[in-house]
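K.L.:
What follows is a single structure, and I will ask about it in a moment.
The values are calculated or read from the model by the stated rules, or taken from the named source; none is laboratory data. It should be emphasised that the depicted structure is a prediction, and the values quoted were computed from it without experimental measurement. We place every Cβ from the backbone using ideal geometry, glycine too, and count neighbours over all the protein chains shown. Note: areas computed on protein heavy atoms with side chains; ligands, DNA, RNA excluded. Shrake-Rupley method; radii C 1.70, N 1.55, O 1.52, S 1.80 Å.
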2 protein chains.
Amino acid sequence: MTSVPHVADTGAHRIVVVGAGFGGLEAVYRLRGVDAVTTLVDQRNHHLFQPLLYQVATASLATSEIAWPIRYLLRGRKDVTTLLGTVTGVDVAAKCVRLDDGQMLPYDTLVLATGAGHAYFGHDEWEPFAPGLKTLEDATTIRRRILTAFERAERADDPAEQAALLTFVIIGAGPTGVELAGTIAEMARTTLPDDFRNIDTRKARVMLVEAGQRVLANFSEELSAYAHRSLEKLGVEVALGHAVSDCNVDGVVYGDTHLPARTIIWAAGVRASPAAEWLGVAADRAGRLQVNADLTVPDHPDIFAIGDTVSIAAPDGSLVPGIAPAAKQEGRYVANAIKQRLRGETPAPFRYRHDGSLAQIGKHLAVIDFGRFRLRGALAWWIWGIAHIYFLIGLRNRLAVALNWLWIHTLDQRGARLITQGRAVLDDPAVRTGETVPQRLKSAR
Amino acid sequence: MTSVPHVADTGAHRIVVVGAGFGGLEAVYRLRGVDAVTTLVDQRNHHLFQPLLYQVATASLATSEIAWPIRYLLRGRKDVTTLLGTVTGVDVAAKCVRLDDGQMLPYDTLVLATGAGHAYFGHDEWEPFAPGLKTLEDATTIRRRILTAFERAERADDPAEQAALLTFVIIGAGPTGVELAGTIAEMARTTLPDDFRNIDTRKARVMLVEAGQRVLANFSEELSAYAHRSLEKLGVEVALGHAVSDCNVDGVVYGDTHLPARTIIWAAGVRASPAAEWLGVAADRAGRLQVNADLTVPDHPDIFAIGDTVSIAAPDGSLVPGIAPAAKQEGRYVANAIKQRLRGETPAPFRYRHDGSLAQIGKHLAVIDFGRFRLRGALAWWIWGIAHIYFLIGLRNRLAVALNWLWIHTLDQRGARLITQGRAVLDDPAVRTGETVPQRLKSAR
């Protein structure tokens with residue numbers, strides 16, 4: 001057993017935070033000044049602004065505009081060490097986190113902020129055909145599929161195949177599904193038409209398939225209905241009350257409908273990280289840990305768990321939603337709780353405060369549900385835009401995102417229409433079946 | 001045999017251009033107004049500004065800032081159809097270009113502008129250990145390797161392994177090699193030091209290994225010497241007169257030196273595209289076609305070849321260099337030659353005019369060799385920067401690149417320090433051996 005060099009026992013209290021998403025990063029920020037050494041582990045080198053990830057998937061933003069190197073964000077915090085690594089388990093008896101290469105990372109207090117991934121409800125075989133959107137790689141993969149579908153349609157000589165290539169199905173009508181569907185429809189209708197000679201991209205079909213009875217179910221019924229109408233105006237076909245029964249190489253099946261489609265995107269469900277498995281504790285159907293009122297794991301008073309990997313009841317009895325502000329509140333709470341405990345105090349229970357929900361529908365439209373204050377349309381879109389730019393980190397990224405949005409809104413041009421990570425052999429079966437295609441194409445253009 | 005839909009025989013003269021690099025794209029631009037239908041085929045969807053590709057590889061620029069969708073650039077040209085596809089051959093008897101899926105693209109005039117890739121001088125087995133820099137994927141691969149080496153060094157507990165991780169070897173001291181070496185050294189010395197806790201990134205070794213007797217051999221001796229001194233001031237170790245005899249998982253071998261290194265970048269040689277093979281004509285040692293004075297292929301008067309895939313003598317007897325301005329001059333010439341021939345005229349021979357060479361050494365330093373006019377240092381850097389921004393396409397990208405450079409030059413921060421395309425398992429043997437690692441890492445952070 002090797003250990004990571006810096007955590008040789010100095011006698012200081014050792015805090016390990018796993019995951020540098022909104023919750024984990026906020027916890028580390030708020031631990032400033034604590035009498036402890038902190039280690040932050042993430043399996044990626046960057047913190048990702050997930051609320052705008054769909055804009056990378058739809059060619060509006062560059063990857064680097066919504067991601068920051070974690071260690072750069074913490075460069076001024078000499079009490080924090082950032083490690084790039086994948087946690088493979090937790091040895092609760094020895095109080096150590098196990099990393100990918102067998103290195104052990106000892107902790108006195110552990111914070112698990114390990115997030116969630118896609119869930120296919122027992123149908124993992126759908127994943128190659130219907131990728132989800134959680135990481136930058138997911139986003140560039142979806143971007144590549146959308147753009148490649150138009151390219152293949154331009155070359156297709158079979159009308160049925162051409163129609164399937166120009167059919168885009170988004171499964172799940174939560175904020176991500178709505179934002180993807182609206183943006184793809186807008187791209188087909190305003191960004192792309194002049195660029196093609198053999199196809200009319202305005203005829204592309206964008207389908208939003210949802211098992212529930214309305215889009216944006218977490219918003220008020222009135223805003224849901226508005227979003228529904230707005231999507232239809234943008235050209236999105238909305239199919240409610242339809243659970244998907246199959247995704248395959250030919251398309252998607254729901255109810256009696258078999259819809260031939262070459263591009264399917266999964267926005268229907270998430271599954272928590274394996275944190276519950278690491279600890280050997282109970283989890284709900286979505287893999288989420290139950291936690292105590294102080295966000296510690298039952299029977300593990302030294303282990304906190306926050307964010308999308310846990311299930312917490314809000315004061316109104318509903319579940320705390322899997323959104324960035326909730327994870328940040330929990331991260332802030334845990335940092336304070338650790339500080340209080342190190343002073344010998346007992347933290348008061350965590351209490352979630354819901355600030356509101358926002359979703360963009362099209363380039364001029366958004367819905368905002370702050371409970372008492374509800375807004376929709378162009379003004380909501382401006383608030384949505386300003387809020388998102390405000391929450392981005394750093395002036396350069398704010399300027400860059402604002403610049404991209406300016407171009408989209410004035411010229412209908414998207415700044416990141418790149419097909420990368422794959423070769424352009426359009427009929428490569430790997431593209432159709434969704435396998436990874438060879439990463440590099442050698443030599444000649 | 002299927003054919004691409006749009007090229008049904010309309011009676012118009014059919015021009016097919018293969019490759020949308022500097023040469024091919026310029027040819028299509030200059031064909032504006034010609035009485036013909038033009039098809040541009042590229043195996044990527046984007047035109048790439050290769051002179052700044054090293055800045056993507058060194059985390060300074062985002063991929064989308066130096067690449068543009070080809071069909072967007074040609075959206076206003078209704079006489080041009082852009083196809084994403086890989087050419088697999090040319091049927092010179094039937095006058096058809098063969099595409100990846102068997103589709104045939106008939107031509108009356110063919111322009112081959114298919115570029116070049118890396119050449120390992122008969123040692124293709126070195127490629128996994130020493131990737132070259134030609135495509136966006138190459139750049140993000142090299143960026144991932146550089147950044148991952150620092151990450152692994154931060155976690156390493158073996159000093160020898162740590163030293164190998166902090167050794168970066170660039171093979172070849174042409175402009176790309178010099179620019180990469182200078183930028184990596186600068187990154188290690190000014191961008192990264194505050195971000196790490198267990199390593200001092202300023203102690204990273206950056207080696208530039210060159211078989212010839214000076215760096216930037218295409219520049220004047222005086223500028224070469226200046227570049228050499230400047231690189232050394234930045235902390236680059238320059239080893240001249242050393243041909244590399246092996247690249248492997250442990251490092252690089254040249255002369256009697258076996259240098260343990262985990263990051264090796266190949267900037268030493270190029271090989272032309274297989275255009276000569278498609279035509280079954282003679283090629284030189286680097287695979288380059290010989291062409292006539294009017295840039296047609298001998299015995300194929302309807303086929304032009306330009307750019308890095310051909311070997312042409314300049315008026316002074318030297319070879320036309322493989323740089324963007326040369327390819328553009330050839331593209332412009334060919335467009336005019338086609339117009340003249342359609343009018344029944346005979347084009348005058350192509351005559352290359354060398355405007356000069358530029359290379360950036362560090363963030364304030366560059367060398368410029370315009371023949372009579374030579375410049376070095378900070379002023380040269382400003383000219384270099386302004387020239388490169390000028391040649392970028394579109395106001396948005398110019399602003400975005402200028403914004404990134406401003407941040408680098410005032411704050412020493414680089415905007416695109418992202419490790420993507422791979423999972424973070426640092427000791428994954430696939431990372432060490434350079435194989436493609438699984439593209440997506442499922443679920444939990």
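K.L.:
Of the residues A:L31, A:L52, only one is touching a His at 6+ places or on another chain (Cβ under 8 Å) and either more than 29 Å from A:P321 (Cβ to Cβ) or among the aliphatic types (A, V, I, L, M) (or both); which? Walk me through it before giving the result.
P.N.:
Values: A:L31 fails: touching a His at 6+ places or on another chain (Cβ under 8 Å).
After applying the criteria, what remains is A:L52.
K.L.:
Would segment B:37-54 turn up any residue that is modelled with pLDDT of 95 or more, hydrophobic (A, V, I, L, M, F, W, C), over 29 Å from B:I146 (Cβ atoms) and open to solvent by 10 Å² or more (accessible area, probe 1.4 Å)?
P.N.:
Scanning segment B:37-54 turns up at least one residue that is modelled with pLDDT of 95 or more, hydrophobic (A, V, I, L, M, F, W, C), over 29 Å from B:I146 (Cβ atoms) and open to solvent by 10 Å² or more (accessible area, probe 1.4 Å).
K.L.:
Tell me, which helices (runs of 4 or more DSSP H) wholly within segment A:370-445 include 3 or more residues that are at pLDDT below 90 and open to solvent by less than 40 Å² (accessible area, probe 1.4 Å)? Spell out the reasoning first.
P.N.:
Numbers: elements: A:378-391, A:395-411, A:429-433.
Helices (runs of 4 or more DSSP H) meeting the threshold: A:395-411.
K.L.:
For segment A:211-235, enumerate the residues that are open to solvent by less than 40 Å² (accessible area, probe 1.4 Å) and touching a residue at least 40 places away in the same chain (Cβ under 8 Å).
P.N.:
A:V215, A:L216, A:F219, A:S220, A:L223, A:Y226, A:A227, A:S230, A:L231, A:L234, A:G235
K.L.:
Tally the residues that are open to solvent by 50 Å² or more (accessible area, probe 1.4 Å) and in contact with a Pro (Cβ under 8 Å, 6 or more places away or on another chain), restricting the search to segment B:236-258.
P.N.:
1
K.L.:
Shifting gears a bit: Residues of segment A:284-304 being small (G, A, S) and within 12 Å of chain B (Cβ to nearest Cβ), which ones? Spell out the reasoning first.
P.N.:
So the first thing to find is which residues in segment A:284-304 are small (G, A, S), and the list is A:286-287, A:293.
Across segment A:284-304, the qualifying residues are A:A286, A:G287.
K.L.:
Would you check if B:E151 is more than 29 Å from B:S224 (Cα to Cα) and more than 13 Å from every other protein chain (Cβ to nearest Cβ)?
P.N.:
On the way: more than 29 Å from B:S224 (Cα to Cα): yes; more than 13 Å from every other protein chain (Cβ to nearest Cβ): no.
It is false that B:E151 is more than 29 Å from B:S224 (Cα to Cα) and more than 13 Å from every other protein chain (Cβ to nearest Cβ).
K.L.:
Is it true that some residue in segment B:42-65 is within 14 Å of B:A20 (Cα to Cα) and of a type in the set (V, I, T)? Walk me through how you get there before you give the answer.
P.N.:
Of the residues in segment B:42-65, the ones within 14 Å of B:A20 (Cα to Cα) are B:42-50.
Cutting the leftovers down to of a type in the set (V, I, T) gives us none.
Checked against the condition, which is being within 14 Å of B:A20 (Cα to Cα) and of a type in the set (V, I, T), segment B:42-65 yields no hits at all.
K.L.:
List the number of the failed condition for B:A153; all other conditions in (1) assigned to a loop (DSSP other than H, G, I, E, B); (2) in the same structural domain as B:I408 (by TED's automatic domain parsing); (3) more than 27 Å from the chain's Cα centre (by Cα) hold.
P.N.:
(1)
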